[in-house]
Amino acid sequence: MLVCLIGCKGDADSKALSRPATTNQIRHAKGLEIYGYQGYSIVKISNPWPKATKEYTYVLQQKDAVIPDSLKAFAIIPVPIQTVVVTSTTHIPSLEMLGEENTLVGFPTLDLISSEKIRTRIEAGKIKELGNNQSLNTEVLIDLQPDLIVGFGIDNNNPTLDNLQKNGLQIMLNGDWNEQSPLGKAEWIKFFGALYNKEDLAEKLFTDIEKEYQNTLAIAKKATTKPTVVQGAIYESQWYLPHGNSWGSVFIRDAGGKYIWSESQGTGSLSLPFETVLEKAGEADFWIGPAQFTSLEAMTTDNPHYSQFKAYRNKKVYSFSNKKGKTGGLIFYELAPNRPDLVLKDMLKILHPELLPDYQLYFFEQLR
């Protein structure tokens, strides 16, 4: 192989992307591919935001590894990284699970972080406040000089990240938030595993989560009923609830429930008049995820018409809004994408408590 690389370098370079040394290490995530080579790996991000048409390729270079000329047009990032800035709370659990929380040096809107380990570092002044995602504090970032900034986009326009890149900082986009399957989101821990040369640990962590999810899925298939579920709540005169193919609705299906709008096509949010939701979901057995509300009283104080729903009258309303970090960040938003096994167990416990008699809800609680 070495002789071929030296003697037939041009040919090898031209095939570097099309003929990986290993198969894609990703099983569930749709927007992530990782290929391992001798001394480096290639990471492809194909869906960093909805309907993205551009693919991003990064080369992660281990010390002294030789990178083929054909790959030098892509961003080359030395690994393992020693310092990092991440921009979404969904990135935090991956760092912690990999034992790399001490590499985090900056984050936008620190109060959103719930992780106790990270909060200890914040209170010690070891993690800098970076403003917000759409206008990151470039001066602080340039002063920090992190090995890598892990960003995310909502479209193809992020002048702040472009400016930081022009100032010599390394940027990688992360599209975990755009995955719609529960295991697809969780598999992005392998993205971080590749950054720290901890691919084996990331694989083990994910495989354990995958097995727990599949075990719970098998238990859910024993259910003899399929209770109906409504989600969401009213915001500025419209009721917002997830489409039928969205991340949240998949959990209901996998837990043996029937989401009222499961037939709707799409992965984003539906916006409907109150009357439409009441007519179709007024008799739903459960109401899961009623926006920010933390009690039944708070719901009807905001809108007395919520009491017209059967799930409200029967006190079958469940929310994750009561479980917060020290500074008010919602634990669900931070940890749930990394731990779909726990979300599915919560859903199964809510919809079919007889199937998990000894399990205690982790993210959700019944509103009183």
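Pull up the stretch 221-246, narrow it to residues that are polar (S, T, N, Q) and in a loop (DSSP other than H, G, I, E, B), then point me to the one that is surrounded by the most Cβ atoms within 10 Å (Cβ to Cβ). I'd like the intermediate steps shown before the answer.
Step one: filter the stretch 221-246 for residues polar (S, T, N, Q), giving 224-225, 228, 231, 237-238, 245-246.
Next cut, in a loop (DSSP other than H, G, I, E, B) only: 224-225, 237, 245-246.
Details: Thr224: 8, Thr225: 10, Ser237: 8, Asn245: 16, Ser246: 21.
Among them, the one singled out is Ser246.
Total residues in the stretch 330-368 satisfying the condition of being part of a helix (DSSP H, G or I), farther than 21 Å from Trp188 by Cβ and of a type in the set (Phe, Trp, Tyr): the figure is 0. For the criterion of being without any contact (Cβ under 8 Å) to a residue 60 or more places away in the chain, aliphatic (A, V, I, L, M) and buried (at least 18 other Cβ atoms within 10 Å of the Cβ), Leu141 passes.
Scanning the stretch 60-78 for residues that are closer than 26 Å to Val140 by Cα and open to solvent by less than 10 Å² (accessible area, probe 1.4 Å) yields Leu60, Ile77. Residues that are aromatic (Phe, Trp, Tyr) and open to solvent by 10 Å² or more (accessible area, probe 1.4 Å) were ranked within the stretch 247-269; the one that is nearest to Thr216 (Cα to Cα) is Trp247. Each residue in the stretch 185-219 was checked for being open to solvent by less than 10 Å² (accessible area, probe 1.4 Å) and either among the small types (Gly, Ala, Ser) or modelled with pLDDT under 95 (or both), and 4 of them qualify. Look at the stretch 144-162: where a residue is under 14 Å from Gln134 (Cβ atoms) and a partner is among the hydroxyl-bearing types (Ser, Thr, Tyr) and part of a strand (DSSP E or B), sitting 6+ places away or on another chain with Cβ atoms under 8 Å, you get Thr160/Ser135. Tell me, yes or no, whether the stretch 287-299 has at least one residue that is over 22 Å from Glu236 (Cβ atoms), touching a residue at least 60 places away in the same chain (Cβ under 8 Å), open to solvent by 40 Å² or more (accessible area, probe 1.4 Å) and part of a loop (DSSP other than H, G, I, E, B). No, because not a single residue in the stretch 287-299 is over 22 Å from Glu236 (Cβ atoms), touching a residue at least 60 places away in the same chain (Cβ under 8 Å), open to solvent by 40 Å² or more (accessible area, probe 1.4 Å) and part of a loop (DSSP other than H, G, I, E, B).
Collect the residues in the stretch 144-157 that are exposed (fewer than 14 other Cβ atoms within 10 Å of the Cβ) and either at pLDDT 95 or above or not hydrophobic (A, V, I, L, M, F, W, C) (or both), keeping them in residue-number order. Write out each step before concluding.
Taking the stretch 144-157 as the starting set, the residues that turn out to be exposed (fewer than 14 other Cβ atoms within 10 Å of the Cβ) are 145, 154-157.
Gln145, Asp155, Asn156, Asn157 - these are the residues of the stretch 144-157 that are exposed (fewer than 14 other Cβ atoms within 10 Å of the Cβ) and either at pLDDT 95 or above or not hydrophobic (A, V, I, L, M, F, W, C) (or both).
Counting the residues of the stretch 300-325 that are more than 26 Å from Thr90 (Cβ to Cβ) and within 28 Å of the chain's Cα centre (by Cα) gives 1.
Results for (1) on the phi < 0 side of the Ramachandran plot; (2) in contact with a helix residue (DSSP H, G or I) (Cβ under 9 Å, 6 or more places away or on another chain), shown as yes or no for each residue.
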site: Tyr235; (1), (2): yes, no
site: Ser249; (1), (2): yes, no
site: Arg253; (1), (2): yes, no
site: Ser262; (1), (2): yes, yes
site: Gly289; (1), (2): no, yes
site: Asn303; (1), (2): yes, yes
site: Ala311; (1), (2): yes, yes
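Counting only helices (runs of 4 or more DSSP H) wholly contained in the stretch 59-168, the ones carrying 2 or more residues that are of a type in the set (D, E, K, R) and out of contact with any strand residue (DSSP E or B) (no Cβ under 8 Å at 6 or more places or on another chain) occupy 116-123, 138-144, 159-166.
The values are calculated or read from the model by the stated rules, or taken from the named source; none is laboratory data. It should be emphasised that the depicted structure is a prediction, and the values quoted were computed from it without experimental measurement. No Cβ is skipped: glycine too gets one built from the backbone with ideal geometry, and neighbour counts run over all protein chains shown. Accessible surface is based on the protein model in full, side chains and every heavy atom, while ligands, DNA and RNA are left aside. Shrake-Rupley method; radii C 1.70, N 1.55, O 1.52, S 1.80 Å.
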